[in-house]
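The values are calculated or read from the model by the stated rules, or taken from the named source; none is laboratory data. Just so it is clear, the model here is predicted, and its values are computed rather than measured. Here the Cβ is made from the backbone with ideal geometry for all residues, glycine too, and neighbour counts use every protein chain on show. For the accessible areas, the whole protein counts, side chains as well, though only heavy atoms, and no ligand, DNA or RNA atoms are used. Shrake-Rupley method; radii C 1.70, N 1.55, O 1.52, S 1.80 Å.
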Amino acid sequence: MKPAPFAYHKARTLKEAVALLAKYKDDARLLAGGQSLIATLNMRLSAPELLIDINGIKGLDGIARKGKFVEIGALARHAQVERSDLVAKHAPLIARAMPHIGHPAIRNRGTFGGSVAFADPAAELPACVLALGGEIAIAGPRGKRTVKADAFFKGLFETALRPQEMVTAVRVPAADKNSRTGFAELARRHGDYAIVGLAASARADGKGLKDVRLAYFGVGDTPVRVKKSEAALARGDVDGAVAALDLDPDDDVQASAAVKKHLAGVLLRRVAAQLMEAA
Ligand SMILES: Cc1cc2nc3c(=O)[nH]c(=O)nc-3n(C[C@H](O)[C@H](O)[C@H](O)COP(=O)(O)OP(=O)(O)OC[C@H]3O[C@@H](n4cnc5c(N)ncnc54)[C@H](O)[C@@H]3O)c2cc1C
């Protein structure tokens, strides 16, 4: 299928993009890597009047250490993040997840900000940002604001972003020697969206773990934290963490809810082992 007709504007500055968003609101869409948007246009799931291309806005594709955070610009391509030494060292969970996102052609175009803003519940990056307790930097006509990942993912493809706002960057706490991360997903073929996936972070605490954060993807409308399992894992009780999983996935074309729940337990054991490896 072909998309419905739309107007196209290439924004050169953040101010220009935000002004157009404020003017058109729900009738405009930002075009970043286009890897999700173009498909939704072609399938006519979305028919905006205007596409605002943000690829020409300078300064939105940086990856930098900023104090206690690693900041990844909204326009940083997945491939750029995947190859970043800084991400490998200071945000290893994201480095672990990157090779699971689609295929190289998709990672060459898709952007970090696009993935987080699109908020596909089966996507890796929203779950990683949630597991790390990150935050999303947003620009709008009234200026800038920051939203914690815990409050950002609101529903199916729904976030705390207002129609006239855009994501400018994502910040995650920089890893130190006590940081532990774990990542696992099950997909039918490598590069497919996961049937079930799990991103996790924790801090080493003697021989145990504390501040455990487990974020599942593919099992709900948003990335989902499982707080009872987090508490059990912090007590070193892996069986208890699996037993405490309170996920409520739907059946879908990939797997039944019962299979997904079973797989969630399998992944939890794998990820728990990763978290405890050097703890
Ligand atoms: C075949 C295929 C397989 C894929 N497999 C995976 C996978 O396994 N895992 C995965 O996570 N993803 C996968 N993707 C999606 C890919 O990661 C996309 O790149 C990503 O979801 C969206 O990023 P984008 O830059 O392409 O955004 P776009 O497609 O340009 O935009 C997506 C949406 O986000 C909005 N948007 C974009 N940037 C911003 C911003 N800065 N602020 C506010 N709103 C914004 C757009 O308006 C649009 O509504 C796949 C895509 C394809 C085509």
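One residue stands out in the range 17-36 among those that are on the phi < 0 side of the Ramachandran plot and touching a helix residue (DSSP H, G or I) at 6+ places or on another chain (Cβ under 8 Å): the one that is surrounded by the most Cβ atoms within 10 Å (Cβ to Cβ), namely A32. For A202, state whether it is more than 24 Å from T159 (Cβ to Cβ) and of a type in the set (A, V, I, L, M). So A202 fits the description; yes.
Counting only strands (runs of 3 or more DSSP E) wholly contained in the range 126-197, the ones carrying 3 or more residues that are open to solvent by 40 Å² or more (accessible area, probe 1.4 Å) occupy 143-148.
Could you please let me know if R270 is out of contact with any helix residue (DSSP H, G or I) (no Cβ under 9 Å at 6 or more places or on another chain), assigned to a loop (DSSP other than H, G, I, E, B) and not acidic (D, E)? No: the conditions fail for R270. Remark: V81 matches the filter, which requires a residue to be in a helix (DSSP H, G or I) and either basic (K, R) or under 20 Å from I138 (Cβ atoms) (or both).
Tell me which residues, restricted to the range 112-146, are of a type in the set (V, I, T) and within 12 Å of the ligand (Cβ to nearest atom).
Those that are of a type in the set (V, I, T) and within 12 Å of the ligand (Cβ to nearest atom): V116, V129, I136, I138.
Right, A88: among the small types (G, A, S) and either at pLDDT below 95 or part of a loop (DSSP other than H, G, I, E, B) (or both) or not? Here the answer is no, as A88 does not meet what is asked. Pairs only if they're at least six apart or on different chains, beta carbon under 6 angstrom, first in the range 122-145 and closer than 20 Å to P173 by Cα, second among the aromatic types (F, W, Y) and crowded, with 19+ Cβ neighbours inside 10 Å; list them, first residue then second. As it stands, the answer is P126/F153; A127/F217; I136/F152, since those pairs meet every condition given.
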